[in-house]
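Readers should treat all values here as calculations from the given coordinates under stated rules, not as data from a laboratory. The shown structure was predicted, so the numbers you read here are calculated from the model rather than taken from an experiment. Neighbour counts run over all protein chains shown; Cβ positions are idealised from the backbone, glycine included.
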Amino acid sequence: MPKATGKLLLFKEEQLPPKYRYSVYVTNLDLPAEQIWNMYRDRGDAENRIKELKYDFAIDGFCMKKFWATEAAFRTIMIAYNLVSLFRQVVLQNKTQATLNSL
């Protein structure tokens, strides 16, 4: 892929199969390669959920003076996020996940 970051060509472009992206994982886990790949792939998607919470639900701007007030605000935002997520899964049933702004 031409816009892949951190790309260092070990082979010439014509030697690689088209439309494939290669990655290397260095880990000390003693697991099968496919399981490691799935684990790291899921972690990458977690970043998208964090961005959605930050930009659509304003999770980064609700600190209160009291701890329990902050805890209540956090839990309310998480309940709202889970309800919107459930709505997307049950009602919309799209393969692409729409953000709150686009709903």
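Hey, any idea what Rg/Rh is for region 13-92, computing Rh the Kirkwood way over Cα pairs?
Values: Rg = 19.2 Å, Rh = 16.4 Å.
Rg/Rh: 1.17.
Using 0.36 nm per residue and subtracting the Cα-Cα separation, the extra length available between LEU31 and ALA58 on full extension is 6.0 nm.
Between LYS51 and THR99, the simple label model (points 7 Å from Cα in the Cβ direction) yields a spacing of 0.7 nm.
The slack between LYS19 and ARG43, meaning 0.36 nm per residue of separation minus the straight C-alpha distance, is 6.3 nm.
Which order, highest average first, do 51-59, 31-39 follow once you tally other Cβ atoms within 10 Å for each residue and take the mean per peptide?
Working: 51-59: 14.7, 31-39: 11.0.
Top of the packing list down: 51-59, 31-39.
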